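Below: the structure, in structure tokens.
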Amino acid sequence: MNRQKLADQIVKFLPPRLREYLLMLSDQDLERLQEIRLRVNRPLNLNFAAADLFLGRSGLTPDPLRGEVVRREDLEQAILFLSNHSLYALDEELRQGFITIPGGHRVGFVGHGVLKEGKIKQLKDFSGINIRITREVKGCADPILPFILKGQHDIHHTIIISPPRCGKTTLLREIISKLSDGFQGFSGFKIGVVDERSELAGSFQGIPRHHLGLRTDVLDHCPKTAGIYLLIRSMSPEIIATDEIGSSADVVAISEAVNAGIRLITTVHGRDIDELSRRPVLQDLLQSRIFTRYVILSDHRGAGTIEGIYDENLTQLSLLKNRSYQLSEKGRVNYG
Amino acid sequence: MVKMIGSLIIIISGLIGGRLMGFQYIQRARELQQFINSLHMLETEISYGQTLLPLAVNRLIQISPQPHKRFFSQFYENLHPKLGLTADQAWQKVITETGGNFCLKTEDWEVLRQYGQGLGSSDDQNQIRQLKVAQKRLEQLEEKAREESEKMSRMWNYVGTLTGIGLVILLY
């Protein structure tokens, strides 16, 4: 993320008092910035790829005492700016605890929950905000695509397995946009995306902020199960893509889609296939052998490290067997 | 003959002067009515469309006559994220900046200023409640202003005409 982007997309949502601190960061720091955290009466906290630091008058520091303390007014202002002066339009988002801002960045917040019939009706008296910076790594899916494609105009059912913050969503987004746009000798697919958490398309007030391809239809903010059925019925997709499956309802919807002749690309939280097979809900899914490609990500060479690509028999397909590599921009691969 | 024309001119200018003095009372009532209409529209935007405040204000700019148009466009500019003002601060600022263009009295501004305090910073039910309260208070003020304007404009009409006639008598 460069300085201009930071100023245009993120800093403008912060209270004026804290803006200057962030604009003080060096280009190098900005490149590695992952999260900005504001907590009431605690120092301004920034999360980098490899470090967790505080930001104050003297710049970045590991010493919490030298970080600028965030006041309650700061947080209130930030929430107002994030809602575009219209807290009343954010009912649903306040219930869910996050909103997506232009640029596809995710802002989560916590505060005092107002309950109704045991469910969170609204949040008030905000006490913490977390701004998660989203990156588009253009071309990072290029080395993976040959493994996913099957023949001239077909793909494998693919699942990306990864712990949080290892580039799972970024990779999925790139795969979707490549398959949808098409490339040389290959026309694109009609893709339906169920974007339950507005993360893939980064929709803000209904408009997708990330490029997801020319032939992609995005169903924003819809539960996966209902969304998959809706897409099958209404948009005749060739591929359905969705993020983070996990519930048994998801699994049922997936089987339904597969039986309707639709290809699937999805992701799931996990470290490896072993770990997945210990989760009761996913066990059946693995045994049914619906997925014919498993892509396993980690962050051990940085976010987007490919640990391996496997087929349905769990044989490794990767070009470099037993060696991990990191995906980066324009299809480059870092072997570490 | 010249005398006749001269006195006629004096009487007419007295009449016009009286009208002008009375006009600001009529104008105040009109401006209040326009603010009530604006708040009413804001209420519709918030309750049915959940329109974002800047978008709703943009619509107000398009349909409002001057000086309200100027007021709302200034407010819209004040909401720009670069300035880092909350909706409340932006609202108070615009009242201070463009208040001079109106014929409104301090008590009218007081109601509007108070309305601005919760602007945009609560759920829709609260927003609508605040809008209703502000509308009601403005309506009361408007009614008072209208009564006053009828009385005062009639009075200033008399004062103007009578001053003109008085002057003519004196000069004769």
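The values are calculated or read from the model by the stated rules, or taken from the named source; none is laboratory data. None of these values were measured; they are calculated from a predicted model. We place every Cβ from the backbone using ideal geometry, glycine too, and count neighbours over all the protein chains shown.
Quick grid of which residues meet (1) in contact with a strand residue (DSSP E or B) (Cβ under 8 Å, 6 or more places away or on another chain); (2) more than 19 Å from residue A:216 (Cα to Cα):
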site: A:232; (1), (2): yes, no
site: A:241; (1), (2): yes, no
site: A:246; (1), (2): yes, yes
site: A:251; (1), (2): no, yes
site: A:268; (1), (2): yes, yes
site: A:272; (1), (2): yes, yes
site: A:277; (1), (2): no, yes
site: A:291; (1), (2): yes, yes
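Name the residue that is nearest to residue A:114 (Cα to Cα), counting only residues in region B:125-139 that are within 14 Å of chain A (Cβ to nearest Cβ) and buried (at least 18 other Cβ atoms within 10 Å of the Cβ).
So the residue we want is B:127.
Within region B:113-139, take every residue that is part of a helix (DSSP H, G or I) and among the acidic types (Asp, Glu) and give me the one that is modelled with the highest pLDDT. Give the derivation first.
So in region B:113-139, the residues part of a helix (DSSP H, G or I) come out as B:113-116, B:124-139.
From what's left, among the acidic types (Asp, Glu): B:124, B:139.
Values: B:124: 79, B:139: 87.
Among them, the one singled out is B:139.
Could you count how many residues in region B:140-172 are surrounded by 17 or more Cβ atoms within 10 Å (Cβ to Cβ) and among the aromatic types (Phe, Trp, Tyr)?
1
Residues in region B:22-29: is at least one more than 14 Å from chain A (Cβ to nearest Cβ), of a type in the set (Lys, Arg) and in contact with a Cys (Cβ under 9 Å, 6 or more places away or on another chain)? If you could, list the steps in order and put the result at the bottom.
Looking only at region B:22-29, we keep the residues that are more than 14 Å from chain A (Cβ to nearest Cβ), and these are B:22-29.
In the following step, the residues that additionally are of a type in the set (Lys, Arg) were identified as B:28.
Imposing the further condition that a residue be in contact with a Cys (Cβ under 9 Å, 6 or more places away or on another chain) reduces the set to B:28.
Checked region B:22-29: at least one residue is more than 14 Å from chain A (Cβ to nearest Cβ), of a type in the set (Lys, Arg) and in contact with a Cys (Cβ under 9 Å, 6 or more places away or on another chain).
Find all pairs meeting these conditions: Cβ atoms under 9 angstrom apart; at least six residues apart or on different chains; first residue within region A:255-266 and on the phi > 0 side of the Ramachandran plot; second residue surrounded by 14 or more Cβ atoms within 10 Å (Cβ to Cβ) and outside any helix (DSSP H, G or I).
What qualifies is A:261/A:238.
If the requirement is being buried (at least 21 other Cβ atoms within 10 Å of the Cβ), under 13 Å from the mean Cα position of the chain (by Cα) and of a type outside the set (Lys, Arg), which of these qualifies: B:35, B:23?
Details: B:23 fails: buried (at least 21 other Cβ atoms within 10 Å of the Cβ).
So the residue among B:35, B:23 that is buried (at least 21 other Cβ atoms within 10 Å of the Cβ), under 13 Å from the mean Cα position of the chain (by Cα) and of a type outside the set (Lys, Arg) is B:35.
Consider residue A:246 carefully, then state whether it is assigned by TED's automatic domain parsing to the domain that holds residue A:159, in contact with a His (Cβ under 9 Å, 6 or more places away or on another chain) and surrounded by fewer than 21 Cβ atoms within 10 Å (Cβ to Cβ). Break it down into steps so the answer makes sense when it comes.
Details: assigned by TED's automatic domain parsing to the domain that holds residue A:159: yes; in contact with a His (Cβ under 9 Å, 6 or more places away or on another chain): yes; surrounded by fewer than 21 Cβ atoms within 10 Å (Cβ to Cβ): yes.
In short, yes.
Going through A:120, A:129, A:133, A:155 one at a time, which residue ends up being in contact (Cβ under 8 Å) with a residue 12 or more places away in the chain, among the aliphatic types (A, V, I, L, M) and within 23 Å of residue A:261 (Cα to Cα)?
On the way: A:120 fails: within 23 Å of residue A:261 (Cα to Cα); A:129 fails: within 23 Å of residue A:261 (Cα to Cα); A:133 fails: within 23 Å of residue A:261 (Cα to Cα).
Criteria check complete, one pass: A:155.
Here are the criteria: (1) surrounded by 16 or more Cβ atoms within 10 Å (Cβ to Cβ); (2) free of Cβ contacts under 8 Å to residues at least 12 places away in the same chain; (3) under 25 Å from the mean Cα position of the chain (by Cα). Tell me which single one residue A:83 does not satisfy.
Every listed condition holds for residue A:83 apart from (2).
Take residue B:49 and tell me if it is of a type outside the set (Ser, Thr, Tyr), within 14 Å of chain A (Cβ to nearest Cβ) and surrounded by fewer than 18 Cβ atoms within 10 Å (Cβ to Cβ).
Yes, satisfied.
Which condition does residue A:142 not pass, out of (1) part of a loop (DSSP other than H, G, I, E, B); (2) within 11 Å of chain B (Cβ to nearest Cβ); (3) in contact with a Gly (Cβ under 8 Å, 6 or more places away or on another chain), if it passes all the others?
Evaluating residue A:142 over (1) part of a loop (DSSP other than H, G, I, E, B); (2) within 11 Å of chain B (Cβ to nearest Cβ); (3) in contact with a Gly (Cβ under 8 Å, 6 or more places away or on another chain) leaves (2) as the failure.
So residue B:51 ticks every box in (1) of a type outside the set (A, V, I, L, M); (2) part of a helix (DSSP H, G or I); (3) at pLDDT below 85 but one. Which box is left unticked?
If we test residue B:51 against (1) of a type outside the set (A, V, I, L, M); (2) part of a helix (DSSP H, G or I); (3) at pLDDT below 85, just (2) comes out false.
When only residues in region A:11-24 that are more than 11 Å from chain B (Cβ to nearest Cβ) and crowded, with 19+ Cβ neighbours inside 10 Å count, which is farthest from residue A:137 (Cα to Cα)?
For region A:11-24, the residue satisfying everything is A:21.
State yes or no: is residue A:136 assigned to a loop (DSSP other than H, G, I, E, B) and either modelled with pLDDT under 80 or more than 30 Å from residue A:173 (Cα to Cα) (or both)?
Values: assigned to a loop (DSSP other than H, G, I, E, B): yes; either modelled with pLDDT under 80 or more than 30 Å from residue A:173 (Cα to Cα) (or both): yes.
Judged against the criteria, residue A:136 is a match.
Of everything in region B:63-92, what is closer than 22 Å to residue B:128 by Cβ, away from chain A (no Cβ under 12 Å) and assigned to a helix (DSSP H, G or I)? Give them in sequence order.
Result: B:63, B:68, B:71, B:72, B:92.
Determine which member of the set B:97, B:43, B:142, B:110 is within 14 Å of chain A (Cβ to nearest Cβ) and part of a helix (DSSP H, G or I).
B:43
Residues to consider are A:187, A:177, A:203; find the one that is assigned by TED's automatic domain parsing to the domain that holds residue A:152, out of contact with any helix residue (DSSP H, G or I) (no Cβ under 9 Å at 6 or more places or on another chain) and in contact (Cβ under 8 Å) with a residue 40 or more places away in the chain.
A:203
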